[in-house]
1. Hey, if you drop one equal point scatterer on each alpha-carbon of segment 162-215 and run the Debye formula without solvent, what base-10 log of I(q)/I(0) do you get at q = 0.14, 0.16 Å⁻¹?
2. Just flag the GluC sites (Glu not before Pro) in segment 1-42 sitting in loop per DSSP whose Cβ has no more than 15 other Cβ atoms within 10 Å.
3. Could you give me the percent of Cα pairs per 5 Å distance bin for segment 1-59, shortest bin first, beginning at zero and ending with the bin that holds the maximum distance?
4. Calculate I(q)/I(0) for segment 199-302 by the Debye formula, one identical point scatterer on each C-alpha and no solvent, and give its log10 at q = 0.24 Å⁻¹ to two decimals.
5. Between Asn239 and Ser151, what is 0.36 nm times their sequence separation minus the Cα-Cα distance? Round to one decimal in nm.
6. Would you grab the residues whose amide H sits under 5 Å from the one on Ile108? Only those 5+ places off in sequence or on another chain, please, with H modelled 1.01 Å from N.
7. Using a Förster distance of 30 Å, how high is the FRET efficiency between Glu186 and Ala266, based on the Cβ-Cβ distance and rounded to 0.05?
8. Under a point-charge model restricted to the Cβ atoms of Lys and Arg (+1) and Asp and Glu (-1), what is the dipole moment magnitude of the chain relative to its Cα centre, in debye to the nearest 20?
Amino acid sequence: MDIINLLKEGVEYKNFCRLLENNKLSHAYLISSPDEEYNKNFCKLLALKLNCGALCMCCGNCLKILNDTHPDVLNYPKNKNFVVDDAKAIIEEINVLPMISNYKIFIINNFNKATTQAQNKLLKSIEEPPKNVLFFINATTLETILPTVKSRTQKITLSTFEKASLIKLLKEKDGLVNENALIEGEGWPGLTLKYNENQNFLKNCKFVEDLLENLKSSKDIIKYSAQFSNKEGFEERLNILENSFDKILLNIVNGEEKDYSKESIALIFEKINEAKKQFLANCNLNLIADCLLLGILEVKYICK
Ligand SMILES: [Zn+2]
C-alpha cells in the first residue's frame, strides 16, 4: 500500500467522488492539512480520479500523473515557492486546450508559501477559469493565504487517519513500524511515513521540541546552541523550528497559545529566514545558532 491507496479510504476523497458523480465540482479547491506530502498526494489522487475513473494506476494517464509528466496535469510551483512567474505561466497555459484529457488541471503545492503578489496575480484565473479547467491548490496552513483567494475557492480540510491504517501503510511501505513515528506523526500519513523513514529527522524533532520548551535564559543558549550548530542536520533543524512556529501561529489563532503573540512569531520568522540565508552563505554555524536562539529568547520576553 502506498499513500495514495490510503487516501482513497479518506472521507474527503469519498466526498469528492460524490460531487464528481453528481456533476457538482467547483473549478477551484483549496486543500489543507499540516502534512505537505498528504496534501500533494491528495491533489494527485483527484487528478487520477478525473483521468481514470477506475484508478488503475497502470494506464498511460495514471502513469503520467504519477510521474508528473501528464501534459494536462500541471504542477506548480516550478521552483521552491510559488512566485509571480508561476502565476504568469498559468495565465498563459490556462487557455490552451487539454491535449489528451477532458480536463486541464493545475496543481499548486505549498500555496501557503506563495508571495502576496503571486497570489494576487492568480485571482482572476481561479475566479473564472475556462470550461474544464480545475485548480487543486494545497497549503499546510491557511494563515498566509489571502482572503480573496479563500473566497474564490472551495475548501477541503483533510483529516487524520486511524492508527491501524497508518501501521498498515508503514508496514507495506517500509517493512518496519517505528512507534515514535506514529506518535510524532499524529495521524498524518505523509508525516508519519517521513518520521518512520528518517530516524535523524525524529531526533531533530525531539531536539527542537525540547529547545522550545526549555529555552528560558541566556544560559540555556550555550547548551542548545552547541547541539543546534552541528553541521549534520543543521538545515533540517531550521526547517523543523520554522514548522513548529507555524503550529504555534495556528494555536494563537485558535486562542490556545500563551507564550507567543502573532507579532512575535512574525519577528521569529524573520530571524529564521536570516539564519537560513547565513547558512547558505556559509557563515559560522555556531554564530548563526547563537544569534537565532538569542533572538527567539528576546522576542519571547519582549513581546510578552
Ligand atoms: Zn488508469
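1. The Cα Debye sum returns log10 ratios of -0.35, -0.44.
2. Filter output for segment 1-42: Glu9.
3. That works out to 4, 16, 31, 28, 15, 5, 0, in percent per bin.
4. -1.47
5. Numbers: separation 88, 0.36 × 88 = 31.68 nm, distance 2.97 nm.
Extra length available between Asn239 and Ser151 comes to 28.7 nm.
6. For Ile108, the qualifying residues are Tyr76, Phe136, Ile137, Asn138.
7. Rounded to the nearest 0.05, the efficiency is 0.75.
8. 560 debye
The values are calculated or read from the model by the stated rules, or taken from the named source; none is laboratory data. Since we're looking at a predicted model, the values are computed, not measured. Don't worry about glycine lacking a Cβ; one is built from the backbone with ideal geometry, like all the others, and counts go over all protein chains shown. We work out accessible area using only protein heavy atoms, side chains counted, and drop any ligands, DNA or RNA first. Shrake-Rupley method; radii C 1.70, N 1.55, O 1.52, S 1.80 Å.
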